[in-house]
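No value in this document is a laboratory result; all are computed from the given coordinates. Note that this is a predicted model, so its numbers are computed, not measured. Here the Cβ positions follow ideal geometry from the backbone for every residue, glycine too, while neighbour counts run over all protein chains shown.
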Amino acid sequence: MDAGQLLHTYGFLWSPLTFAALSALAVLLIWTALTPTGTRREVRQRLDGYIERGATAEELESSGGPARSRAIAPAFRGLLRSLGRLLPARDAERTRQTLEQAGYPLGLGVLDFYGLRILLPIVLGGGYFLLFGRNQATSIALRNAIGLMLLGYLLPGFWVNSRVKSRKHAIMLAFPDMLDMLTIGVEAGLGFESAMMRVGAKWDNPLTQEFRRAVGEMRIGLGRNEALSRMAQRTGSDDVKTFVSVLMQSTTLGVSIAQVLHSQAADVRTRRRVRAEELARKAGIKMMIPLVFLIFPTMFVVILGPSIPILVETFSGLK
């Protein structure tokens, strides 16, 4: 068998293998260029250990579930963090704030999120190429695999942003009732921290979780203003930020907290009513699309449908 026949017979193997080798070489070069030096790596790992504490053995035992799940979850988390260290930590603070406002879904930290952004494209693109690449042309298989890798890289960001929006919406809906309950507790003689704990014990939603966390920070020695500022930053809600800024200003000026809470509760109820009226005005415009494209054509078919054969026979008889 000459060289031409050999190339014709085994040519379909050379393109994927060449592409895989070049891709591995490119990843290795990018990794070498972006990996920090030893000193920076040690400092970053030490900071990650302080900021992102892993679950203790007692927490793993109390979490329940089979022993296999408790063994697989830490291993998977370790894999994500190992992959996450490959990406440059230029936007680590912004990513941490986004995850914080999302409530740390599934307990993901910054390194876990970065690792998920590396692992998911590899799984989607590589899995598609291995499963369906043999039955398709090489160019089509590579195009689809690259598209899936791009989708896998973007999906975690979309998911976290949707969690941020849903959490902010839940906080916006719960804030007026929480503020009313807080006002009643303070006017009844409770301290501000005790009233926050009472509100946090009565309901279980993202806002009350932040209330409990803020009270816990106050009890371990953090100042009230700083704890409230961190709570407002974690929620990302404009209503909570306004409430915290007014409360901090009243504390500085020596104004009664009960009076501030009462005025803020009235203001929040007014904003909730204005927001409801705005949504009611938009409802008519939003209903136009389903009316024009879905309901009206159906009505025309039901009303004019039986008369169409009669009209066709009539006009055909005139000819």
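Percent relative contact order of the stretch 170-286, based on C-alpha pairs within less than 8 angstrom and at least six residues apart?
Over the stretch 170-286, the number comes to 28 percent.
Once the convex hull of the C-alpha atoms of the stretch 178-319 is built, how many Å³ does it hold per residue, rounded to a whole number?
160 Å³
Within 12 Å, Cβ to Cβ, of residue 244, how many net charges do the neighbouring residues add up to if Lys/Arg are +1 and Asp/Glu are -1?
Spelling it out: positives minus negatives among the neighbours equals 0.
For the stretch 202-281, just say rounded, prolate or oblate: build the C-alpha gyration tensor, square-root its eigenvalues into a ≥ b ≥ c, call rounded for a/c under 1.5, and beyond that prolate if a/b exceeds b/c, oblate if not.
oblate
Taking amide H positions as placed in the peptide plane 1.01 Å from N, state which residues far from residue 190 in sequence (5 or more) or on other chains have amide H under 5 Å from it.
Here nothing satisfies the definition.
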